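Below: one structure, written as structure tokens.
The values are calculated or read from the model by the stated rules, or taken from the named source; none is laboratory data. Model, not experiment: these values are computed from the prediction. Virtual Cβ from ideal backbone geometry, glycine too; neighbours counted across all protein chains shown.
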Amino acid sequence: MKLSADKEAEIKRQHWGEGMPVGSIARQMGVHHTTVQRVLRESGVDESTVRPRASIADQFEGFLRELLQRYPTIRASRLWEMAKDRGYRGGPDHFRRIVRRLRPAKAAEAFLRLKTLPGEQGQVDWAHFGTLTIGKAQRPLWAFVMVLSYSRALYLRFFLGNAMPQFLAGHRGAFEHFEGIPRVLLYDNLKSAVLDRSGDLIHFHPTLLQLASHYGFEPRPVAVARGNEKGRVERAIRYARDSFFPARDFKDLDDLNAQAMTWATTIAYERPCPEDKARSVKNVFLEEKPRLRELPPDPLPVDERREVQAHKTPYIRFDGNDYSIPATYSHRSLIVVASLDQVRIVAENEVIATHARSWDKGEVLEDQAHIEELKRRKKAASQHSTLDALSREVPAAQGFLQEFLKHGGNVGRATQSLWQLAQTYGAEALQQALVEAQKQDRIRVGDVKILLDRRRHPEQPPVRVPLTVDSKIAGKQVQFTPLDQYGHLTRRPS
């Protein structure tokens, strides 16, 4: 136990000035007697005066020192169990104090302040900022942060998740923001960066390697338990938590990111650079910017690709929402290509549907053209089903409808009308009426209904409508003009 200088002076005064024994000093000062013995021993008191009292653990001291030298971090409880097996009869609390006194002190580790060259290194990390409510959905709000180690210029962008698509979009946005790429990027063993590691053997995520290859930087994970290696990004995250996010009002994610960009290019740029407080981060970044690697001519595509299954309804499910597709693509495997603001649905390398992406849950997003097509297909299917049923029950219907079609009639409407006649008069009566109508070359549904009525009521004579003549025109003669005199009406002007 380390005492303050005034307490150590009081122990020495009570021993030398008052002649108090070790035990009495310990009780008066409220410290352990071994602490008093150490202070007096270091001040030159004779060893016999401050020698610890005999303890039942004394015979185990050599055994404990040897084990602690071989296993410096072994727990005192385990040593106590081992000592009990060898005959120790004391309690665990006193034994723990003995072990604490004998355990070799861990050497303090000194950390060097890391220096980097301009454009040499950047550091990347995620930071969680709670949740964001969108409709019925609670989405996690994550901030992607990249900071340049030399100038401390930072990039801050918020996402509704921290999966690989957001990870890639964060890098692409940061490189475009800095208008260049650092040669090395440090990662804190993120799952998006490092799949696993065994000692110095690192298994990088293949998508990260593709990203690094496209932009030409070296991905490098920090050593385990070496937080000082990525202290710049941790301080940048803490700075964003303290300076930007508290009491921040925003309408939606786009508004939040617009405010974050404004903050990063004004307030964060104008703060003093930690390496040179006489200059701002912006001034140091302008010095660093020419040292960054140039951007490639084409940015890396960062869209998410996922295989989905369309079932009997013309919709696919993606990220908790339903998106409509043309009805002809039902019961098929399709590919969703999703950016942060758009969802495209692909079949055999052809985009068959495009929707704005929804970050809500349980929404149905429809293209009206898909719905109209479905209605037309349902109507055609209904007509086809009616035609099949009519043909089964009334075989003459097919021949009648074929003739009806030659006369330019609406077969769909005629099919429905004949089906209604079959329900009203019976299939057998309709069969006979259709046969008779075709023999008489009366290819109209109205003629078929007249034949059905005659068969049902044969005793009723045909209805004769008397012709009445208006008295105003009775007895007048009508002169007919030859039709060839109207030829000029059909001739085109020369």
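Picking from TYR155, TYR150, which residue would you name as being farther than 14 Å from PHE204 by Cβ, at pLDDT 90 or above, assigned to a loop (DSSP other than H, G, I, E, B) and touching a helix residue (DSSP H, G or I) at 6+ places or on another chain (Cβ under 6 Å)? None of the other options fit; the residue is TYR150.
Being in contact (Cβ under 8 Å) with a residue 40 or more places away in the chain and on the phi > 0 side of the Ramachandran plot is a description that does not apply to GLY426.
Among residues of segment 393-406 that are assigned by TED's automatic domain parsing to the domain that holds ARG442 and within 21 Å of GLN423 (Cα to Cα), those with a Cβ under 9 angstrom from a residue that is at pLDDT below 80 and not in a helix (DSSP H, G or I), sequence gap 6+ or separate chain, pair up as LEU401/GLY409; PHE404/ASN410. Filtered by the rule that a residue be touching an Asp or Glu at 6+ places or on another chain (Cβ under 9 Å) and modelled with pLDDT under 85, segment 203-220 gives a lone residue, HIS203. Using the structure shown, decide if LEU168 is in a strand (DSSP E or B) and modelled with pLDDT of 90 or more. Taking the combined requirement at face value, the residue does not satisfy it. Going by what's in this entry, would PHE250 be described as among the hydrophobic types (A, V, I, L, M, F, W, C), part of a loop (DSSP other than H, G, I, E, B), under 18 Å from MET146 (Cα atoms) and in the same structural domain as ASP125 (by TED's automatic domain parsing)? Here the answer is no, as PHE250 does not meet what is asked. The requirement of being within 21 Å of the chain's Cα centre (by Cα) and either surrounded by fewer than 18 Cβ atoms within 10 Å (Cβ to Cβ) or modelled with pLDDT under 95 (or both) is fulfilled nowhere in segment 175-186; no residue meets it.
Checked against (1) outside any strand (DSSP E or B); (2) modelled with pLDDT of 90 or more; (3) among the β-branched types (Val, Ile, Thr), VAL145 passes all but condition (1).
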